[in-house]
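Quick notes on the structure that follows.
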């Protein structure tokens, strides 16, 4: 079996869009609707929706690679990079700091042409400094770059990228292709999801970095979406991918065995559509949160507000495990008696719904009020 980069037509990808046309049309409608909703919202709600989307992307793109970051640390990092920092926004995890910096720069520089320098800057932001691997540079060495899984000694090779000696030339061609397919370019691709799909697959097939290829590749996919749409995209590709990570790797593996990538395009467009629909849900949820606090702000004390905000920060998926007296005490730094009384008041107001009994009682948000 040969990989895509070993085939004579590489990298002239062949595409049939007939299976993807309906989803592409739906994506256009959803994107327009989300953008329209945003334009009607106050700046603070727009900012909150943007923050939550970027947090999701940062957390999920890391999880896909097996890194599990604190949502709070990532939030603090993104807030700091947006200039929204508050005294408590101290980031202790360098990985959270790096992914936050990457998210903001991808968004702020979406109009700019892609360059080698920019990719290397993103790589440095993501991984910092290391004596173990090359940071901010293409990979080198004679060892094959392989995507593998399984235990040592019984690994399965899913893909082998071009040898390191070919990477500089391959990346020069990739960057040239990316810029030529941008709006106004000589080979313009006017469908944002299609261009994004090709860009991600193309980059991942070269696998030019010693580490971080997946996260940088998804950042490039987001840049392609935003650049082609002409505005920063409000969605999280990684959150949609993470719903079925196995399907993502299976689609990528199959696409890297041929230069007819119609099935990959169909898969990726479905991911982009799912991501846009989830973003619309999040925007509406953000608006509902604001209305909720406007309605109940006079009835909540400062401890209750802090706890509810913590629960709402978990998003539409809900606060894992619900709110318990123990968690409430940890969040608000109050006594057990006060925590019990506060939670009962929230239950009486039907803001929280009690579940379980005795020591296992916990409280979930009443999303019907939000």
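The values are calculated or read from the model by the stated rules, or taken from the named source; none is laboratory data. Quick caveat: nothing in here was measured; it's all calculated off a predicted structure. Because the Cβ atoms are built from the backbone with ideal geometry, glycine has one as well, and the counts that use them run over all protein chains shown.
Given the options 149, 154, name the one that is surrounded by fewer than 15 Cβ atoms within 10 Å (Cβ to Cβ), closer than 17 Å to residue 214 by Cβ and either free of Cβ contacts under 8 Å to residues at least 60 places away in the same chain or not assigned by TED's automatic domain parsing to the domain that holds residue 216 (or both). Full working, then the answer.
Values: 154 fails: closer than 17 Å to residue 214 by Cβ.
Selected residue: 149, the only one of 149, 154 that is surrounded by fewer than 15 Cβ atoms within 10 Å (Cβ to Cβ), closer than 17 Å to residue 214 by Cβ and either free of Cβ contacts under 8 Å to residues at least 60 places away in the same chain or not assigned by TED's automatic domain parsing to the domain that holds residue 216 (or both).
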Handout entry: region 319-355, subset loosely packed, with under 13 Cβ neighbours inside 10 Å and part of a loop (DSSP other than H, G, I, E, B), residue modelled with the lowest pLDDT
Key = 320
Problem - Conditions (1) crowded, with 17+ Cβ neighbours inside 10 Å; (2) assigned to a helix (DSSP H, G or I); number of the one not met by residue 293 - result: (1)
Completion exercise
Residue hits (region 256-281; closer than 30 Å to residue 349 by Cα and either surrounded by 22 or more Cβ atoms within 10 Å (Cβ to Cβ) or more than 23 Å from the chain's Cα centre (by Cα) (or both)) are 279
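Quick one: in region 230-247, of everything that is surrounded by fewer than 21 Cβ atoms within 10 Å (Cβ to Cβ) and within 23 Å of residue 31 (Cα to Cα), which residue is farthest from the chain's Cα centre (by Cα)?
Filtering region 230-247 for residues surrounded by fewer than 21 Cβ atoms within 10 Å (Cβ to Cβ) gives 230-232, 242-247.
Applying the additional criterion that residues be within 23 Å of residue 31 (Cα to Cα) yields 230-232, 242-244.
Numbers: 230: 19, 231: 17, 232: 14, 242: 9, 243: 12, 244: 14 Å.
Among residues in region 230-247 that are surrounded by fewer than 21 Cβ atoms within 10 Å (Cβ to Cβ) and within 23 Å of residue 31 (Cα to Cα), the one farthest from the chain's Cα centre (by Cα) is 230.
Rundown of residues vs (1) free of Cβ contacts under 8 Å to residues at least 40 places away in the same chain; (2) buried (at least 23 other Cβ atoms within 10 Å of the Cβ); (3) touching a strand residue (DSSP E or B) at 6+ places or on another chain (Cβ under 9 Å), yes/no style:
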| residue | (1), (2), (3) |
| --- | --- |
| 173 | no, no, no |
| 176 | yes, no, no |
| 185 | yes, no, no |
| 190 | yes, no, no |
| 196 | no, yes, no |
| 199 | yes, yes, no |
| 203 | yes, yes, no |
| 211 | no, no, no |
Fill in the blank from the handout: Among residues of region 301-317 being in contact (Cβ under 8 Å) with a residue 40 or more places away in the chain and farther than 26 Å from residue 222 by Cβ, the residue nearest to the chain's Cα centre (by Cα) is 311
Exercise for the section: Within region 99-116, work out how many residues are surrounded by fewer than 19 Cβ atoms within 10 Å (Cβ to Cβ) and either part of a loop (DSSP other than H, G, I, E, B) or not assigned by TED's automatic domain parsing to the domain that holds residue 183 (or both). Expected result: 5
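I want to confirm something. Restricting to region 18-73 and keeping residues that are over 23 Å from residue 104 (Cα atoms) and free of Cβ contacts under 8 Å to residues at least 60 places away in the same chain, which single residue is farthest from the chain's Cα centre (by Cα)? I'd like the intermediate steps shown before the answer.
Of all residues in region 18-73, those over 23 Å from residue 104 (Cα atoms) come to 18-30, 33, 40.
Right, trim to free of Cβ contacts under 8 Å to residues at least 60 places away in the same chain and you get 18, 21-22, 25, 28-29, 40.
Numbers: 18: 28, 21: 25, 22: 24, 25: 23, 28: 20, 29: 21, 40: 25 Å.
Going through the qualifying residues, I end up with 18.
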Problem - Out of 58, 96, 26, 49, sole residue that is assigned to a helix (DSSP H, G or I), under 30 Å from residue 260 (Cα atoms) and in the same structural domain as residue 204 (by TED's automatic domain parsing) - result: 26
